[in-house]
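Structure, as structure tokens:
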Amino acid sequence: MREVNEEVPSVTLRRAAIEDVRLLYDWRNDTGVRLKSLNTEPLDWDEHVDWFTQRLVLTHNETIWIVEDSDADPYGSGRILLTDDGLGMISVVIAPDKRGQGLGRQLIVLLADKIRQMKMVPVARIVRGNVASFKAFTSSGFRVYEDDPERDYVEMRWL
């Protein structure tokens, strides 16, 4: 079994709060993020606020997390969606000015650890051609689990 529970210095992972709604909207609406997402359409502000608020208040199987550096500056977000069949689906977004620094890997490791602590299997769906995400998840202990050419994504699991 690969070990991904490593010390991640100077990083804090906290639950998202309503004050983060604009930050997540801006990160998710970034052109680079949209082009490599399963849903490539720009977000509508009102729909985003409704979606975000519901996840903060109503949804018990989905959590949104913010990762911050040692100065408490947020640089990424992660979402965990728990399924009835024992999977924890991870989705991450890194701030545009922080990409390419290995920070996505740190966030993935932290989220995977949370899922593993619940005795569930961490899973991610990586859009075909999203090389940066594929590398980040691979270096975090994930491996291709399902590669159906009919789908727009490759499913990876922490095995």
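The values are calculated or read from the model by the stated rules, or taken from the named source; none is laboratory data. Remember, predicted model here, so these are calculated numbers, not experimental data. Cβ sites come from the backbone with ideal geometry, for glycine too, and all protein chains shown count toward neighbours. Just the protein is used for accessible areas: all its heavy atoms, side chains included, with ligands, DNA and RNA removed. Shrake-Rupley method; radii C 1.70, N 1.55, O 1.52, S 1.80 Å.
Among the candidates ARG151, ARG143, which residue alone is of a type in the set (Lys, Arg), more than 16 Å from LEU82 (Cβ to Cβ), part of a loop (DSSP other than H, G, I, E, B) and open to solvent by 20 Å² or more (accessible area, probe 1.4 Å)?
Within the list ARG151, ARG143, the selection yields ARG151.
Restricting attention to region 116-140, which residues are among the β-branched types (Val, Ile, Thr) and either open to solvent by 70 Å² or more (accessible area, probe 1.4 Å) or touching a strand residue (DSSP E or B) at 6+ places or on another chain (Cβ under 7 Å) (or both)? Within region 116-140, VAL121, VAL123, ILE126, VAL127, VAL131 qualify.
Residues in region 90-115 that are open to solvent by 40 Å² or more (accessible area, probe 1.4 Å) and either of a type in the set (Lys, Arg) or in a loop (DSSP other than H, G, I, E, B) (or both) were compared, and the one that is nearest to LEU35 (Cα to Cα) is ARG99. Being in contact (Cβ under 8 Å) with a residue 40 or more places away in the chain and over 25 Å from LYS135 (Cβ atoms) is a condition met by no residue of region 101-116. As a summary of the residue check, LEU24 satisfies the conditions (1) within 27 Å of GLY141 (Cβ to Cβ); (2) modelled with pLDDT of 90 or more; (3) in a loop (DSSP other than H, G, I, E, B) except for the one numbered (3). Is region 52-64 home to any residue that is open to solvent by 40 Å² or more (accessible area, probe 1.4 Å), on the phi > 0 side of the Ramachandran plot and not in a strand (DSSP E or B)? No, because not a single residue in region 52-64 is open to solvent by 40 Å² or more (accessible area, probe 1.4 Å), on the phi > 0 side of the Ramachandran plot and not in a strand (DSSP E or B).
Taking the condition in contact (Cβ under 8 Å) with a residue 24 or more places away in the chain, touching a helix residue (DSSP H, G or I) at 6+ places or on another chain (Cβ under 9 Å), closer than 19 Å to ASN29 by Cβ and open to solvent by less than 20 Å² (accessible area, probe 1.4 Å), does SER77 pass? Criteria met by SER77. Scanning region 10-37 for residues that are open to solvent by 40 Å² or more (accessible area, probe 1.4 Å), free of Cβ contacts under 8 Å to residues at least 60 places away in the same chain and hydroxyl-bearing (Ser, Thr, Tyr) yields one hit, THR31.
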